[in-house]
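Student: One structure is given below, represented as structure tokens, and several questions about it will come after.
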Amino acid sequence: MLQNKLVIYRAEKGWTQEQLAMRVGVSRQTIATLEKNKYNPSLILAFKIANTFEKPLTEVFDYREEI
């Protein structure tokens, strides 16, 4: 399962879901779905998000294998 820290990093920047969505070129609904871990981003989107937060990809997203 892919977990993420979008809510934490977005709050640190003081950005709304809409503001983050605009920065990475997706809809606000996409960000909301990602934050709820109901959607896994494409690799390109994951890198865009990590770069927007100026964080390494593995700091923003964490993959844990489901058992």
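Read-outs throughout are calculated quantities, based only on the coordinates presented, and are distinct from any laboratory measurement. Computed from a predicted model, the values in this text were never measured in an experiment. Heads up, the Cβs are rebuilt from the backbone with ideal geometry, glycines too, and the neighbour counts pull from every protein chain shown.
Student: When the residues of segment 15-31 are narrowed to those that are over 15 Å from Glu54 (Cβ atoms) and of a type in the set (Val, Ile, Thr), which ends up farthest from the chain's Cα centre (by Cα)?
Tutor: Thr16
Student: Test of understanding: among Gln3, Gln29, which residue is surrounded by fewer than 13 Cβ atoms within 10 Å (Cβ to Cβ) and touching a strand residue (DSSP E or B) at 6+ places or on another chain (Cβ under 7 Å)?
Tutor: Working: Gln29 fails: touching a strand residue (DSSP E or B) at 6+ places or on another chain (Cβ under 7 Å).
Residue meeting the stated conditions: Gln3.
Student: Ok, one more. Just checking, does segment 23-34 include any residue being part of a loop (DSSP other than H, G, I, E, B) and either among the β-branched types (Val, Ile, Thr) or in contact with a Leu (Cβ under 7 Å, 6 or more places away or on another chain) (or both)?
Tutor: Checking segment 23-34: at least one residue is part of a loop (DSSP other than H, G, I, E, B) and either among the β-branched types (Val, Ile, Thr) or in contact with a Leu (Cβ under 7 Å, 6 or more places away or on another chain) (or both).
Student: Only one residue in Lys48, Lys38 is without any contact (Cβ under 8 Å) to a residue 60 or more places away in the chain and not in a helix (DSSP H, G or I), so which one is that? Spell out the reasoning first.
Tutor: Values: Lys48 fails: not in a helix (DSSP H, G or I).
Result of the check over Lys48, Lys38: Lys38.
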